[in-house]
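Here's the structure, in structure tokens; my notes come after.
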Amino acid sequence: MQPLPFRNPFAPCLWGFLLICLEAVSFAGGFRVGFAQADITPPIGWRRAGGYTELISTGVNDPLMTKAMVVQEGATTFAFVGNDLCSVPRDLTDLARTRASQITGIPVANIVITATHTHGGPEYLGPLRQFLHQRAMKANNGSDPHEPIDYRGQLIERWAGVIATAWSNREAALLEVVIPRLEGVAFNRRYWMKDGSVGWNPRKGDTNLFRAAGPVDTDFPFLFARRAGGTEALGSLALFAMHTAVYGGPAFGADFPGHLQTNFAASFGSRFVSIFGEGCAGDVNHLNPLSLDPQPWITVSPAIGRAMAQVALTNLPWASAIKPGSFAVRSTVVLAPVTPISYTELDAAKKVMETLDQNGAAFLVLVDAWRKIFRKHFWERHDGQLPQEVQVVRFDADTALVTLPHEVFTELGIAIKAGSPFRRTMVVTLANDLDFYIPTRRAFEEGNYEPTTCPLEPGCGERLVAAAVKLLNELKP
Ligand SMILES: [Zn+2]
């Protein structure tokens, strides 16, 4: 080791003192970030989500996790929770957010609980679960062999717990953000067909295919946290507008977000927490109908996780540091009119659900029945005006995150980014509430699967866009 040219005996102390002062200046107003995760895999034999029939889980392909990131700067704290679940219902997220707020002091409005939308998660909410659960209870003297625990109750505890742990894990951290492109993985699944109709998930090589009826969004926002003053990576939040519906096994599975975690752990160590959130992907998935190549989930799901990790790592050197000083969270509630439903329609819908396995109902008839039961629920509970929460986080003068409930069409996400004054606007969906679709007005006219799931009136998507863009503009410094 080379001797120091200036041999002042006090120099090391002085340097140490200066470094401490510099660190105090840099991080007194800097970010404090904490991560945590917990297992939320239900018992094997619990019903599987992601379909309109009864699917029973046969094992655990990879564990389902709940993961939290808490970011604090000064008096502002924000918590993001990602879950390997198909969807999260409002009644549970409300309770968990309130509980987490009581423990940590983070305002309820500054907490978001999202689902990755993995179709390898459990069925634990909604009309289909309700019907299957009641049928099992009737057949088994009041007990449902597929629901041996109070999963919903345990989820509330795990969500509040994981937020509290991330909150207590906070430490001085540097936040960086980069938005590279992830090309060739996502495809719009609505197609104009040569006969003039709009198809949904068309067969590979269908000769009636004309062209995709909507865009894809190849932005791949990647928010990365490392320990201040060191290089140790703490965790990340990655967002992408593509359905987490690649995994197709009978066991529980986290799909490509699980593989993303595995790839990051190989680079950053096993304590690294990788959170994934689905962008506006209501009409986008991984299937390319224009290619005849088979896309088996068993290879495609890990390949997408690998590709995501590779794109994130390749672009990390070009990430911008998020500048402390303007961290803020604001939210609003949009009231979405729910289409009214008559008792006759409701009775017919219930009959379709109750004879699920025998009635041979066409897929869209079943989906419509599912939606009508939600309509009745929303009329009873919210008097026909479903409250939809929109949150905006301003990380710095150039970077904002928007959270939206449900499964929002890609075109609407692109519209939010186009209307945002922030150079980097990230949008996450399936936040705080259920997994029905929010199509564009045009898609409501075109029809088919996604509009058939939506219990709301056309225009619901455009209203969410307007609310998000308004908040973004109010928050632009
Ligand atoms: Zn979906």
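The values are calculated or read from the model by the stated rules, or taken from the named source; none is laboratory data. Predicted model only: the values in this text are computed from it and were never measured. Please note: Cβ atoms are built from the backbone with ideal geometry, for glycine as well, and neighbour counts cover all protein chains shown.
Evaluate the range 407-424: report whether one residue or more is of a type in the set (A, V, I, L, M, F, W, C), more than 16 Å from the ligand (Cβ to nearest atom) and within 18 Å of the chain's Cα centre (by Cα). So far as the range 407-424 goes, yes, one or more of its residues are of a type in the set (A, V, I, L, M, F, W, C), more than 16 Å from the ligand (Cβ to nearest atom) and within 18 Å of the chain's Cα centre (by Cα). Per the listing Val108, Val81, Val70, the residue uniquely surrounded by fewer than 24 Cβ atoms within 10 Å (Cβ to Cβ) and in contact with a Ser or Thr (Cβ under 7 Å, 6 or more places away or on another chain) is Val108. Looking only at the range 201-209, decide whether some residue is under 17 Å from Thr116 (Cα atoms), at pLDDT below 95, surrounded by fewer than 22 Cβ atoms within 10 Å (Cβ to Cβ) and within 16 Å of the ligand (Cβ to nearest atom). Within the range 201-209 (the criterion being under 17 Å from Thr116 (Cα atoms), at pLDDT below 95, surrounded by fewer than 22 Cβ atoms within 10 Å (Cβ to Cβ) and within 16 Å of the ligand (Cβ to nearest atom)), the answer is no, since none of the residues qualifies. For the range 154-170, the criterion of being assigned to a loop (DSSP other than H, G, I, E, B) and modelled with pLDDT of 95 or more is met by at least one residue. Inspect the range 436-444 for any residue being among the hydrophobic types (A, V, I, L, M, F, W, C) and over 29 Å from Arg97 (Cα atoms) and give the result as yes or no. Yes, because at least one residue in the range 436-444 is among the hydrophobic types (A, V, I, L, M, F, W, C) and over 29 Å from Arg97 (Cα atoms). Among the conditions (1) closer than 24 Å to Glu407 by Cα; (2) crowded, with 22+ Cβ neighbours inside 10 Å, Leu287 misses just one, which is (2). Candidates Gly279, Gly229, Gly269: the one that is modelled with pLDDT under 95 and in the same structural domain as His146 (by TED's automatic domain parsing) is Gly229.
Matching residues to (1) within 16 Å of the ligand (Cβ to nearest atom); (2) of a type in the set (Val, Ile, Thr); (3) in the same structural domain as Ala109 (by TED's automatic domain parsing):
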residue	(1), (2), (3)
Lys376	no, no, no
Ala397	no, no, yes
Asp435	yes, no, yes
Arg441	no, no, yes
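From Ala415, Ala400, grab the single residue that is more than 25 Å from His119 (Cβ to Cβ) and surrounded by fewer than 23 Cβ atoms within 10 Å (Cβ to Cβ).
Details: Ala400 fails: surrounded by fewer than 23 Cβ atoms within 10 Å (Cβ to Cβ).
Of the residues listed, the single one that is more than 25 Å from His119 (Cβ to Cβ) and surrounded by fewer than 23 Cβ atoms within 10 Å (Cβ to Cβ) is Ala415.
Can you say whether Ile149 is within 19 Å of the chain's Cα centre (by Cα) and not charged (D, E, K, R), as far as the supplied structure shows?
Values: within 19 Å of the chain's Cα centre (by Cα): no; not charged (D, E, K, R): yes.
In short, no.
For the range 90-129, filtering for residues that are within 15 Å of the ligand (Cβ to nearest atom), modelled with pLDDT of 95 or more and not aliphatic (A, V, I, L, M) leaves 8.
Just wondering, is there one or more residues in the range 133-149 that are touching a strand residue (DSSP E or B) at 6+ places or on another chain (Cβ under 7 Å), more than 17 Å from Asn432 (Cα to Cα) and in contact (Cβ under 8 Å) with a residue 12 or more places away in the chain? Looking for residues that are touching a strand residue (DSSP E or B) at 6+ places or on another chain (Cβ under 7 Å), more than 17 Å from Asn432 (Cα to Cα) and in contact (Cβ under 8 Å) with a residue 12 or more places away in the chain, one finds at least one in the range 133-149, hence yes. Filtering the range 235-256 to residues that are away from the ligand (no atom under 16 Å from the Cβ) and either surrounded by fewer than 22 Cβ atoms within 10 Å (Cβ to Cβ) or hydroxyl-bearing (Ser, Thr, Tyr) (or both) leaves Ser236, Gly249, Pro250, Ala251. Taking each residue of the range 242-255 that is closer than 19 Å to Asn188 by Cα and looking for partners that are away from the ligand (no atom under 12 Å from the Cβ) and of a type in the set (Phe, Trp, Tyr) with beta-carbon atoms closer than 8 Å, six or more apart or interchain, yields Thr244/Phe256; Thr244/Phe276; Val246/Phe256; Val246/Trp297; Tyr247/Phe256; Tyr247/Trp297. Summed over the range 447-458, residues that are free of Cβ contacts under 8 Å to residues at least 60 places away in the same chain and in contact with a Lys or Arg (Cβ under 6 Å, 6 or more places away or on another chain) total 1. Whenever a residue of the range 359-377 is outside any helix (DSSP H, G or I), its partners that are of a type in the set (Gly, Ala, Ser), lying with C-beta atoms within less than 9 angstrom and at least six residues away or across chains, give the pairs Ala361/Ala369. Got at least one residue in the range 406-422 being in contact with a strand residue (DSSP E or B) (Cβ under 6 Å, 6 or more places away or on another chain), at positive phi and in contact (Cβ under 8 Å) with a residue 24 or more places away in the chain? Checked the range 406-422: at least one residue is in contact with a strand residue (DSSP E or B) (Cβ under 6 Å, 6 or more places away or on another chain), at positive phi and in contact (Cβ under 8 Å) with a residue 24 or more places away in the chain. Checking Gly51 against (1) part of a strand (DSSP E or B); (2) under 14 Å from Thr118 (Cβ atoms), only one condition comes out false. Which one? Tallying (1) part of a strand (DSSP E or B); (2) under 14 Å from Thr118 (Cβ atoms), Gly51 fails exactly one: (1). Every test in (1) touching a residue at least 60 places away in the same chain (Cβ under 8 Å); (2) in a helix (DSSP H, G or I); (3) closer than 29 Å to Pro455 by Cα; (4) of a type in the set (A, V, I, L, M, F, W, C) is passed by Val216 save one, and that test is (2).
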